[in-house]
Every structure is written in C-alpha cells, then in structure tokens.
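S.K.: Structure in structure tokens, see below.
The values are calculated or read from the model by the stated rules, or taken from the named source; none is laboratory data. The structure presented is a predicted model; accordingly, all values stated were derived computationally and were not measured. Methodologically, a virtual Cβ is constructed for each residue, glycine included, from the backbone with ideal geometry; neighbour enumeration extends over all protein chains shown.
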Amino acid sequence: MTGSNQPAIPFTPIILVEGLAKNYEQVTALAGISFDVRRGELFGFLGPNGAGKTTTINILTGLARADAGSIVIDSQDCTHHPKAAQHLIGIVPDESNLYPELTGFDNLCFCAALYGIKKEERTKRARELLDVFGLTEAAGRIFAGYSKGMKRKLTIAAGLIHKPSILFLDEPTTGVDVASARQIRQLIQDLHGNGTTIFLTTHYIEEAERLCDRIAFIVGGRIVLVDSVAHLLQPLKKQHGLLMTVPGSDQQLADQVAEVFPGLQVRMAGRDQLHLEAKSPIPLAPLVSFLAQRSREVLEARGLRPSLEDVFVRVTGLQTDMMKKEKEKSGGGGL
Amino acid sequence: MKYWIAFWNILLKDMRTYYLKPPNISWGLIFPISWAGMFFIRSGSSLESVLSILPGVMAVSILFGTTSMLAVTVTFEKKNRSFDRLLLSPIPLWLLMLAKTSGAILFGILNAFVPVVMAAFLTDLSAVDWSLLVPTVILIALASTFLGLFIAVSVSEVFEAQTFSNFFRFPMIFLCGLFIPVASLPIYLQTLSYLLPLTYGVDLLHGAIRGANALAFPLSFGLISLFCTALFLVSLRNVYRRWIL
C-alpha cells in the first residue's frame, strides 16, 4: 500500500534516467544520477535546497542540457531531443512563469494554445480548471493581482491545461498559506487517483511521506536512496520511540539517561525535548523516577511512530533542522 | 500538433500585450512623423525633395520600431521567466522565435508606411515602383527585427538590450547612405557600410522610390536575405546556448 492509498503500481517505467550529470562551472549539480518513474506513480524527489531537484526537472523537461547521461520519456529518447516528449508533460515550476499582464482565464487559454488546442476546447478546459481550483471569480482579474496561493493554483492549472500524462511539480506548496497548501495537496492526490504520473520535488518531508508512492532522496547532486514509502519505513517499525518534554533538559542530561538506561539512544530533539529510541518498548516509570531524582519534571511523554524524517536523517546524515529552516524561510505550507 | 495555433496565439498575445498599447501606437506614429519633419526642415528644399528623404525616413522608422520592441518581448519575458513557458511548449525553437518576432516585423512594416502616407499628401508618388517597395520594406523589417532579436538574446537585462541596440543603430544610420551617399564615404567606411544590412535596404528603397539605386536589385535582395538568415540562425544558436543551459 502506498502513501496515498493507491493500488499497487505496475512496474512500467514512463521516465527512465541513466547517469544524468550536470556541472555549472565548478559546481557539480548532478553527479550521474539514475532512477525510473513508473507509469501512474507519484514519485517524490526529496532533498534540501541546492540538492539538484530543480536541475533534474529542468533537464527532464528540456529547459537545461545534461552534460552526460540518457533520458527516455514514454519510450521516446529525450537525451538529444528534449522536444520529443514535451507534448506529454505538464510543468509547474517552483516560481510562476505565467504572464502577469494577462487575466487568469487568458493565461490558461494562452497556455492551451501553445499545445495546439483549438479555441472552443481551450475555453472550455480553462473554465473547467478555474472551477476545479476555485478561481472562477478571479478569472477576469490580471494574474499580477493574484495572491500567492491563487498564483500557485493557477500555475498548477496551467500545467494541466493540455491533460498531460506526466506532471512535474516543483515545490508546489512552498510559500503558500496552510489552507492553499492543503487544497493543493488534495488536488495532487486527486490527479494521482486519475492516473496521472506525478514527479514531485519538495523539501517538506511530511508532504512527501503523505503523498508519494516512492521517494528518491537526493543530496549534493547524488541520489542516496530510492524506495517506496512503506519499504523506507519498514526497518524503523521495529524501533520504539519516545519524545519527552522535560524543562531544563540538555545534552548532559541526555547523556546521563543513556548511561543509566543501556539500550536507549537518547538525543536532544529541540528545546526541553529528549528523543529516546530503543529496540524494545521503553518503560516510562523508571525514567520519570530517574528524572525526578534530579529535580526534573516530565511535562509530557508521547510515543513516536517511525517517520520519513527519521529515514532521511539516517540515510543522508543530515539533520532535518536544515530542511525545517528552509521551510520556515519559505513560509507557510505546513501540514 | 497544430503549430499554427501556437504561432498565431503567440503573435496575437504579443500584439495585444505590447504592440497595440497606446504608448507603442504613439511611438509608431510620432517617431516616423518626427523623423520626416526633421529631415524635411533640415533639407530646406521644396516639396519635391520629399522623395529623396523618404527612403531614409522609412528605413529609420523600421529600424527603431523593430529593434526597440524585441528588448521587451524577448529580453523582458526571459527575465521574468514567462519565456520559459514558451520554451517548455512542444513548438520547434525556430517557429517559436519566428512567432515572437512576427509582431515586431508587422510593427516595422506599419511604421514604414506612416511616412509613405504622409508623403502621399505632399508629393506625387506615381513613379514609385510598389512591386519593389513592398518586398523591400518587408526585407528591411525582417533584417531589423532579427538584428533586434540577436541583441535581445545576447543580453540578460532590458537596459542592456537598449544600450546594445544603440551601439548598432546609430552607426548604421550614418553609414547606410541615409545622410551621406555611400560612394562619397572614405573607402574604409564604405567597407564598413557594405557590412550593414540597412545599406542594401536603403539602396533598394532609393531604387523603388526614385530609381536611384547604386547596386543591382538582385544583389541587394540576395545580400539582405543573407543577413536575415544569418542573424536569425545566430539568434537561435544563442537562445540554445545561453538560455537552455
């Protein structure tokens, strides 16, 4: 079962990437990455800023050239002919590239025309999408006057105007308010449910965990792991986790707990929070008693289910704080 | 894939968004009128001299009208990333660039005929060879537009495009036979003059309006067509190399 409760995806790659490499002067953006995306799959591409997510999308969609490697999209060799599959794909870039001086409706109609859609059909399709995205009332307003969330939704609508079989979504919920982010996630799930193959890049780990069938972790231009969400979480299901809120706790206290309770892995998980892990259930009473002897009160203790965040930390060696800071910096979009 | 739908809609959008805006319409009218007035006053001659200044005014109107617009329709769109939307669509790059330049070509052609309409009220145009004049105007519009495209895709900022345009436009005005006949220029400037597409365009216009061409028509047509092709191909190469990184 997948993160979005979809039936098992048949193993038919619609995107096949082998040894994709890209350098910008002295910087290695992609160091020979290989992966495949299966037909109808919601594939997550997860990594911190600068990991190579957007570069990968740009190369796959024809906005950038690879230095090495091969790309096959829906059986068409796009390595040297990036235009070959552009009619099959829809792209929602990380920043909107619609026309600020056109209305929402005109933007959609123009995007449809770029794919050779006739006037009657593109008008109908534009109206449908405006309705789906709740933008009907704003259809006649110029795009420049839209809010961030509305801009994001219209950009997604523009990516869908020609009914693509593959949709590239680059950070779709970054910088939008919580309500819009939730709506966008629901739309992504609906599209996935309708059989659209979705390539999603995000640095929101929870978002990827909730939406994706399979996930690739990319760090420093290298893919460190690709697997289904269920498989990624499997090893962690044998672990038991506990998060305790203990005012005044610090690394010294964490070390003391680890020393007194062998088999427990203890680390600070934030201000006043201890993160405990063990291979067997963690007894709470001795811990509370131990802390009470040191005049530390346990305000809260809750069991932790294994999350993709834990997998990310284990696999990449990176702390998720970096991702969280990026999330805070970009504003909104939380789950 | 019906490319013509994409082509037509790109052209239509550019016309509505850029060319048919009041500032551009007024630019398209006022600029040729000002040039015509300025040349006429400068010449201090009778109304008959209108025919001698008409080719120059037409050429300059086309040159400024077309090269100025490309900085906006191409460089500005690239800067604000909406040009990426076009690059991501399944249209061949050459057709896309042709669609983006068609508006400027039409704008240039219309600009060229503003002084012609004015001249029609001032002098007798019955001697004008229209079958030569119309293709000449189209070729000059093509060459000027593709020169503007070459400039627009060679820079990143709109102001750079405007500055770079002047680097080409003003020397061209002085060297193309507009103020001074090419034959009376020093030999090294003549060489430079024959490297400029507008020289052949102005000569063709002189031929079409007054029968006073210095070069054979086929030679001028051939060379200006060569300039158009070369400028367009180099621009495509620049888009591919600079914008599809």
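S.K.: Go through the range A:93-116 and count every residue that is closer than 16 Å to A:PHE199 by Cα and either charged (D, E, K, R) or at pLDDT 95 or above (or both). Before the answer, list the steps.
M.R.: Taking the range A:93-116 first, the residues closer than 16 Å to A:PHE199 by Cα are A:93-94.
Checking which are either charged (D, E, K, R) or at pLDDT 95 or above (or both) leaves us with A:94.
Qualifying residue count, the range A:93-116: 1.
S.K.: Does at least one position in the range A:54-66 carry a residue that is away from every other protein chain (no Cβ under 11 Å), surrounded by fewer than 19 Cβ atoms within 10 Å (Cβ to Cβ), in contact with a strand residue (DSSP E or B) (Cβ under 7 Å, 6 or more places away or on another chain) and not in a strand (DSSP E or B)?
M.R.: Checking the range A:54-66: not a single residue is away from every other protein chain (no Cβ under 11 Å), surrounded by fewer than 19 Cβ atoms within 10 Å (Cβ to Cβ), in contact with a strand residue (DSSP E or B) (Cβ under 7 Å, 6 or more places away or on another chain) and not in a strand (DSSP E or B).
S.K.: Have a look at B:LEU122, B:LEU93, B:LEU98, B:LEU63 and point out the one that is surrounded by fewer than 22 Cβ atoms within 10 Å (Cβ to Cβ) and under 18 Å from B:ILE33 (Cα atoms).
M.R.: Details: B:LEU93 fails: under 18 Å from B:ILE33 (Cα atoms); B:LEU98 fails: under 18 Å from B:ILE33 (Cα atoms); B:LEU63 fails: surrounded by fewer than 22 Cβ atoms within 10 Å (Cβ to Cβ).
Residue meeting the stated conditions: B:LEU122.
S.K.: Considering only the range B:190-215, state which residues are under 19 Å from the mean Cα position of the chain (by Cα), outside any helix (DSSP H, G or I) and not hydrophobic (A, V, I, L, M, F, W, C).
M.R.: If the condition is that a residue be under 19 Å from the mean Cα position of the chain (by Cα), outside any helix (DSSP H, G or I) and not hydrophobic (A, V, I, L, M, F, W, C), then B:TYR194 is the only one that fits.
S.K.: Restricting to the range A:119-148, and then to whatever is within 14 Å of chain B (Cβ to nearest Cβ) and in contact with a strand residue (DSSP E or B) (Cβ under 8 Å, 6 or more places away or on another chain), can you tell me which residue is surrounded by the most Cβ atoms within 10 Å (Cβ to Cβ)? Reasoning before the result, please.
M.R.: From the range A:119-148, those within 14 Å of chain B (Cβ to nearest Cβ) are A:119-123, A:125-126, A:142-144; that's our starting set.
Restricting the remaining residues to those that are in contact with a strand residue (DSSP E or B) (Cβ under 8 Å, 6 or more places away or on another chain) gives A:142-143.
Numbers: A:ILE142: 15, A:PHE143: 23.
Filtering the range A:119-148 for residues that are within 14 Å of chain B (Cβ to nearest Cβ) and in contact with a strand residue (DSSP E or B) (Cβ under 8 Å, 6 or more places away or on another chain), the one surrounded by the most Cβ atoms within 10 Å (Cβ to Cβ) comes out as A:PHE143.
S.K.: For a quick check of your reading: which helices (runs of 4 or more DSSP H) sit entirely within the range A:186-301 and have at least 3 residues that are surrounded by 13 or more Cβ atoms within 10 Å (Cβ to Cβ) and modelled with pLDDT of 90 or more? First the steps, then the outcome.
M.R.: Numbers: elements: A:205-211, A:229-237, A:251-260, A:284-293.
Per the criteria, A:251-260, A:284-293.
S.K.: A further question on this structure: So, in the range B:1-28, how many residues would count as being within 11 Å of chain A (Cβ to nearest Cβ) and either in a loop (DSSP other than H, G, I, E, B) or among the aliphatic types (A, V, I, L, M) (or both)? So that I can check it myself, show each step before the final result.
M.R.: Filtering the range B:1-28 for residues within 11 Å of chain A (Cβ to nearest Cβ) gives B:1-14, B:16-18, B:21.
With either in a loop (DSSP other than H, G, I, E, B) or among the aliphatic types (A, V, I, L, M) (or both) added as a condition, the list becomes B:1-2, B:5-6, B:10-12, B:21.
Number of matching residues: 8.
S.K.: Among the residues of the range A:67-89 satisfying the criterion of being in a loop (DSSP other than H, G, I, E, B) and at the interface with another protein chain (Cβ under 10 Å from one of its Cβ atoms), which is nearest to A:LYS22 (Cα to Cα)? Write out each step before concluding.
M.R.: Just the residues of the range A:67-89 that are in a loop (DSSP other than H, G, I, E, B), to begin with: A:67, A:74-75, A:78-81, A:86-88.
With at the interface with another protein chain (Cβ under 10 Å from one of its Cβ atoms) added as a condition, the list becomes A:86-88.
Details: A:GLN86: 21, A:HIS87: 24, A:LEU88: 24 Å.
Within the range A:67-89, the match that is nearest to A:LYS22 (Cα to Cα) is A:GLN86.
S.K.: Kindly establish whether B:TRP27 is surrounded by 12 or more Cβ atoms within 10 Å (Cβ to Cβ), at pLDDT 75 or above and not hydroxyl-bearing (Ser, Thr, Tyr). Explain how you work it out, then say what you get.
M.R.: Details: surrounded by 12 or more Cβ atoms within 10 Å (Cβ to Cβ): yes; at pLDDT 75 or above: no; not hydroxyl-bearing (Ser, Thr, Tyr): yes.
It is false that B:TRP27 is surrounded by 12 or more Cβ atoms within 10 Å (Cβ to Cβ), at pLDDT 75 or above and not hydroxyl-bearing (Ser, Thr, Tyr).
S.K.: Can you report the number of residues in the range A:74-104 which are closer than 20 Å to A:THR12 by Cβ and either not assigned by TED's automatic domain parsing to the domain that holds A:THR155 or not polar (S, T, N, Q) (or both)?
M.R.: 9
S.K.: Taking the range A:90-118, which residues are at the interface with another protein chain (Cβ under 8 Å from one of its Cβ atoms), outside any loop (DSSP other than H, G, I, E, B) and within 20 Å of A:LYS53 (Cβ to Cβ)?
M.R.: The answer is A:ILE91, and nothing else.
S.K.: Taking the range B:216-245 on its own, how many of its residues are within 13 Å of another protein chain (Cβ to nearest Cβ), without any contact (Cβ under 8 Å) to a residue 60 or more places away in the chain and hydrophobic (A, V, I, L, M, F, W, C)?
M.R.: 1
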